[in-house]
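The structure appears right after this line, and notes come after that.
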Amino acid sequence: MIRIALLAAASVALAGPAAAHDLWISPGPGSVMVQYGHPHEPEMPAARKLTGLIAYEPSRTVGLTAQAEPGAVPVLRATLSGDALVAAAYDNGYWVRLADGSYRNASKRMVPEGEKSQWSVKYAKAAVGPTAPWDRVVGQPLEIVPLEAPNAAKGAIRVRVLFEGHPLSGADVVATDGATFKSEADQARAATDAAGEATVPLRAAGPQVLAVNHRVAPSQTPALADTDTYSATFAFTVADPKTN
């Protein structure tokens, strides 16, 4: 079991946006589930890499406790009572790609023969319940902030993407349901404008997961990685069955 107190670094995968592993949060009965991997191929998140899990309730902020729960859908589950904007951070560490195309979870200092290297961090937020403070900016280095009530979105949602507190332009925001595989060509997506804003299509009512990736070179730790790779998700449920 782990006690989460503060948000810190999170992780992003090694491939491009279509192939990258994501971190996202799903609501459950009296709880939230932290999930990792691809929507159709979830993997067990590593509890030691989860560095923050916080519930921003309408009147208070609460640190949550997460526990590994193996099963058909492996998750880290935390008890949640009431509506909240839940935020998570996950540090996936350093990765090096070798000449044969395989990857090693190590820094380039330890594997100098690698072709390329990166530090990978992931962030996730979820608006759980109609009174969750869904528009709150929680200060994640890469963050998706909705500009309209997520649960009432009609066919699309307007969002702003922030990187280190500033609007991020030219970033692709991809929409999934957090469960179904879609090829890159079939993904609903929209690019952010100069103000960091995008209107992202929503294909159906029900669970929604928005995702964005951002890569920075050189790395803040150039002795250990060539680039820093960030990913962020925002999960919510569209309540209106007439969406699309």
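For this structure, a couple of remarks:
- The chain, dipole about Cα centre (Lys/Arg Cβ +1, Asp/Glu Cβ -1), debye to the nearest 20: 340 debye
- Cleavage-rule hits (trypsin sites (Lys or Arg not before Pro)) in segment 192-244: DSSP loop, at most 11 neighbouring Cβ within 10 angstrom: K242
- Straight-line cross-link partners of K116 among the lysines, defined as a Cα under 18 Å from its Cα and at least 8 positions apart when in the same chain: K108.
- A Gaussian network model of the chain, with springs between Cα atoms under 10 Å, assigns the largest mean-square fluctuation among A223, A55, A156 to A223.
- Close amide H partners of L142, meaning residues 5 or more places away or on another chain with modelled amide H under 5 Å apart, are E164.
- Electrostatic tally near L85: other residues with Cβ closer than 11 Å to its Cβ, Lys and Arg +1, Asp and Glu -1, net -1.
- Residue order for K182, K154, K125, K108, fewest other beta carbons within 10 angstrom first, comes to K154, K182, K108, K125.
- DSSP loop GluC sites (Glu not before Pro) with at most 15 other Cβ within 10 Å excluded, longest remaining stretch of the chain: 1-112
- By the beta-carbon count within 10 Å of each Cβ, the least crowded to most crowded order of L224, L64, fewest first, is L224, L64.
- Counting only aspartates and glutamates at least 8 places from K122 when in the same chain, those with an alpha carbon closer than 13 Å to its own are D22, D91, E143, D228.
- 11 Å beta-carbon shell around P39, net charge (K/R +1, D/E -1): -2
Quick note: the coordinates plus some simple rules give every number you see, no bench work behind them. As the structure is a prediction and not an experimental result, all values here were calculated from the model. Every residue, glycine as well, gets a Cβ built from its backbone with ideal geometry; the counts of neighbours run over all protein chains shown.
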